[in-house]
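**Q** Supplied in structure tokens, the structure appears directly below.
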């Protein structure tokens, strides 16, 4: 049973809040608040509420001696995941008041699933795992219920284990080991929902004017903080006040334990909601409808009108597209284009169709558009000119049903003779980050990258880049070569100090279509900053299939630290067999099984969610036959990646993005060669799943 005092106080506060809420007729609809753990919750305790689907919340908060940063993503409408990085007073870990109060940093991961939806009579129910694969410092599990009693009042009650079972114990489900598996980072399944459990709960009251008041009864005794002298916990009751900035953020202040004050700021983003609705890009030229007399007139074939290709090339260039070649017949035209501008492939196809309708002779009814990248014919998009003319002002879905998407391996291959050979170059800034160093949690390096590419033919290129650091502290990272694996990655600070400036990469690559549904790549040279060698890849990916299969084989040699042309004595043959599967709704699963740079054998499992506007949020984990002791801190490689297209931020069409890689300190286990131009990311944009997802921009 729940403690009687807890129930009486909670009921009293709820009754008072309900009376107050009756006068707040204009209060906004309740919205989930974010707790000090960076998850939907009250103050320190969780609720069963979920954020809107795809919401990404970044929170910074804490109180005396306890600093927390968290990134929470609503993976599905029911499932959310959290990555947290916290700093604790050193006395919290040692339990000795005499120890210095230096911050000790700790990483943790959470998962929460809402398994019952709220109805008019039933509360929402959720189950959660907190710090499921960390050091166990914040480890807890819970089952929680939340009910919206009135338009402004919600009530929460739950049962917690681990940290959430340390105050007001009401029962036990056996013993709970405090041992940390491996070097941390390993899910301690045997601890889940074991040991003492206790009740927690609270209320949230929306006051109007974006204000929300919260009160909670906490079942976390903060035993470690009390023993270490960091915390004086006089009461289990905590209180909080949130101010919500619409859908963009939240500021919170707290009264904790009866003795502490806390605060937090939370920033909210949702990939489904662009900051610039509609965008700022220029409108496309209107479709030019043919004169009826020209539809059946093929006399132009005998004496073709000069300048057709030139006009088409100029129209494409206006939209930032590159003309690769044209094959023109009496009723059919096949064009190859490259799209360096539009993040969503259907928009490039739509702009190309408009250009063809404005420039080609009237008898040309069938358009075949072949998008290419690095010479690879990625697919063939077939549509009728009459549909382009008739459906310009109808919804995109009506047009999508009339577009055929097929393999392009056997399609015509017109190549503009003036297109190759071709040379390009550029100078751009770069930012490189490093996270979760025990000494400095965030390290940054800013520099300049000079890059160039020479394309002798349509499917070959020689490309390279040189970088020069301007400012940063990434090179100060301490080198830790502990463990039983060869230092294939942990010496990276030496490449930054001794290889500045240095050759980032210098690679010759050839691409091909050996058969239907097959794509190939061969690369040789200085493949990345730390390794050179040779790499070969073959990908099987039918245009209409959700499944793709690939194989890659590499022989890599470790480069000298000066990042010039020399090599060290270490070399290794690596390779992976890969499977890609589109689950639908933007979810992509990937498994890469094989041999890694340190000679360890295993597999990397990835799950990404990609949105129609180019946003991508994903996570990965790598498990190999290297032991946790050989791997070192973290026990295995894992991380989170967030990719934000600049087109979403600025409202313009531009193929560029901002990437945030949240990965623990790079160790030597599960380290893969970083080969440029891998095939699947190049191919998938113009295959069925991605093409259909972005088709809403066909007429844009």
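The values are calculated or read from the model by the stated rules, or taken from the named source; none is laboratory data. Only a predicted model underlies this, so the values are computations on that prediction, with no experimental measurement involved. All Cβ positions, even for glycine, are placed from backbone atoms using ideal geometry, and neighbour counts span all protein chains on display.
Condition check ((1) surrounded by fewer than 20 Cβ atoms within 10 Å (Cβ to Cβ); (2) at pLDDT 95 or above; (3) on the phi < 0 side of the Ramachandran plot) across all residues:
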residue	(1), (2), (3)
315	no, yes, yes
321	no, yes, yes
332	yes, yes, yes
335	no, yes, yes
338	yes, yes, yes
343	no, no, yes
346	no, yes, yes
349	no, yes, yes
355	no, yes, yes
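**Q** From 586, 525, grab the single residue that is touching a strand residue (DSSP E or B) at 6+ places or on another chain (Cβ under 9 Å) and at pLDDT 95 or above.
**A** Just one listed residue meets the conditions, 525.
**Q** Moving on. Would you say residue 567 is surrounded by fewer than 20 Cβ atoms within 10 Å (Cβ to Cβ), in contact (Cβ under 8 Å) with a residue 40 or more places away in the chain and over 30 Å from residue 516 (Cα atoms)?
**A** When the stated conditions are applied, residue 567 does not pass them.
**Q** Sticking with this structure for a sec: Got a number for residues in region 223-253 being under 20 Å from residue 156 (Cβ atoms) and assigned to a loop (DSSP other than H, G, I, E, B)?
**A** 2
**Q** Identify all residues within region 430-446 that are touching a residue at least 40 places away in the same chain (Cβ under 8 Å) and out of contact with any helix residue (DSSP H, G or I) (no Cβ under 8 Å at 6 or more places or on another chain); write none if there are none.
**A** The answer is 435, 436, 437, 438, 441.
**Q** Here is a further query. Go through 287, 301 for me and flag whichever is under 27 Å from residue 398 (Cα atoms) and either surrounded by fewer than 21 Cβ atoms within 10 Å (Cβ to Cβ) or not assigned by TED's automatic domain parsing to the domain that holds residue 380 (or both).
**A** 287
**Q** Going by the conditions given, is residue 643 modelled with pLDDT of 95 or more and not in a loop (DSSP other than H, G, I, E, B)?
**A** no
**Q** Quick check: is even one residue across region 268-278 within 21 Å of residue 686 (Cα to Cα) and in a strand (DSSP E or B)?
**A** no
**Q** With the condition kept exactly as written, say whether any residue in region 428-435 is closer than 26 Å to residue 600 by Cα and either surrounded by 17 or more Cβ atoms within 10 Å (Cβ to Cβ) or over 25 Å from the mean Cα position of the chain (by Cα) (or both).
**A** yes
**Q** Determine whether region 155-166 contains at least one residue that is assigned to a strand (DSSP E or B), surrounded by fewer than 20 Cβ atoms within 10 Å (Cβ to Cβ), assigned by TED's automatic domain parsing to the domain that holds residue 32 and in contact with a strand residue (DSSP E or B) (Cβ under 8 Å, 6 or more places away or on another chain).
**A** The answer is no, given that none of the residues of region 155-166 is assigned to a strand (DSSP E or B), surrounded by fewer than 20 Cβ atoms within 10 Å (Cβ to Cβ), assigned by TED's automatic domain parsing to the domain that holds residue 32 and in contact with a strand residue (DSSP E or B) (Cβ under 8 Å, 6 or more places away or on another chain).
**Q** Under the condition of being in contact with a helix residue (DSSP H, G or I) (Cβ under 7 Å, 6 or more places away or on another chain) and outside any loop (DSSP other than H, G, I, E, B), which residue from region 185-201 is surrounded by the fewest Cβ atoms within 10 Å (Cβ to Cβ)?
**A** The selected residue is 196.
**Q** Please determine, by comparing only the residues of region 214-228 that are farther than 13 Å from residue 164 by Cβ and buried (at least 17 other Cβ atoms within 10 Å of the Cβ), which one is farthest from the chain's Cα centre (by Cα).
**A** If we take residues in region 214-228 being farther than 13 Å from residue 164 by Cβ and buried (at least 17 other Cβ atoms within 10 Å of the Cβ), then 228 is farthest from the chain's Cα centre (by Cα).
**Q** Still on this structure, please answer the following. Say we look at region 229-242 and pick out the residues that are touching a residue at least 24 places away in the same chain (Cβ under 8 Å) and more than 18 Å from residue 47 (Cα to Cα); which of these is surrounded by the fewest Cβ atoms within 10 Å (Cβ to Cβ)?
**A** 234
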